[in-house]
Structures are given as structure tokens and as C-alpha cells.
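We did not get these values from a lab; they are worked out from the coordinates using the rules stated. Only a predicted model underlies this, so the values are computations on that prediction, with no experimental measurement involved. Note: ideal-geometry Cβ built from the backbone for every residue, glycine included; neighbour counts use all protein chains shown.
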Amino acid sequence: VMSDDSKYIADIIAINDMLNIYDIRPSTNSLVNRFKGGNDRIENYMKSRVITCEIDTIQNLHNAYDSLTNMSQGDKIMNNQKFWSSLESTTWYEYVRCCLKYADNIVSDLLKNETILLHCETGTDYTPIISSLAQLLIDPYYRTLTGFAVLVQKEWLSFGFPFGIRHGIFIGMEANEQ
């Protein structure tokens, strides 16, 4: 029995010469899913190319962001004699570089009229980041205020990105109040 996702992908492949599947899950997550018997063998789709993105877990991304914000609070920047090494140790810019690299690869593929699919477990973290960056790079409309609002709506809000949870708005509230 073919899942709805598998049928959808098969339909996309049927009308395209090639489908580039960007697997933006951390490689450890992909392996864990396979060992659990998960149905995520995306490399088995004919007429598709799987691009495995070597990307770290979202928890480590959040930790890097927390380190960056912690180091830049108050007068910590002005009094930090080792500012650049402290900045580098947060690893935040490595995540920025990684997301921009995959967004740029996607843009290159799109400019060659190739079809792209972003594959992730939940689609609420790296998927909107990389998708939005690619759209910002390729389409000047999304670099306008109106275009950016549309981009946030269609890539983040419509897919249920948990802004409130990610930014601590709902801390201390009951789950049903969120």
C-alpha cells in the first residue's frame, strides 16, 4: 500500500524529468527512522536524486542561538577581549552558512528548471528556513515588505510554525491555553 505522500511524489515524478529531493533532516535522525522501520526510503524513488544535507539537529541550532544572544547581552560585547573567538565558539554562523549553502544549491537547481522537494520530519524548522532563503534569493518580490509578509504567511504560519513556543511567549501557560 502506497502512502499519500508516496503517491504525491510519484505524481510529481511522472510529470518531470527529474526530482531533486533535498533531505534536510539531520543524518542521525534519518538513520534512527530507518532502524525504527520508518517509511522514509526516499532514495528509492525512480527519476529522483537525493541530496543529503549535512545539517545538525535543531536543538543544537537553538543552543547556538542561545549562546549568541547570551554573549551579546548588555555590556558583554564591549568588555569581551576575545569577542571574535567567543562569537566563533557559538557556532551560530556555521548554521547560517549551512542554510545559505543549501538555499543557494536549490536556487541553482531551480534556475536549471529542475523540480525540488524539501524533505524533513516535521517541516517546522529547517524546511521554512531553507525554503524562505531560497525564495528570497531567487525572487525579488520576497525582498519587499509585502513580499516578505507573504513569504512568512505561506512558509511559516500556514504550516504551523510554533513561533510562540520557539520564542517563549507561552512559557508557563497550560497547553490548552496555547
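The table below lists the values:
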| quantity | calculated |
| --- | --- |
| Charge tally in the Cβ shell below 10 Å around CYS120, where Lys, Arg are +1 and Asp, Glu are -1, CYS120 excluded | -2 |
| Chymotrypsin sites (Phe, Trp or Tyr not before Pro) restricted to DSSP loop in the range 127-159 with at most 14 other C-beta within 10 Å | PHE159 |
| Area projected by the alpha carbon convex hull of the range 101-158, averaged over all directions, nm² | 4.0 nm² |
| Under 5 Å, built H, 5+ apart or other chain: amide partners of ILE51 | ILE21, TYR22, ASP23 |
| Extension gain (nm, one decimal) between THR146 and ASP4, 0.36 nm per residue minus Cα-Cα | 47.7 nm |
| Qualifying GluC sites (Glu not before Pro) in the range 45-146, DSSP loop, other Cβ atoms within 10 Å at most 14 | GLU54 |
| Pairwise label distance in nanometres, GLU114 with ILE165, each label 7 Å out on the Cα-Cβ vector | 3.3 nm |
| Charge sum, other residues only, whose C-beta stays under 12 Å from ALA14's C-beta, Lys/Arg counted +1 and Asp/Glu -1 | 0 |
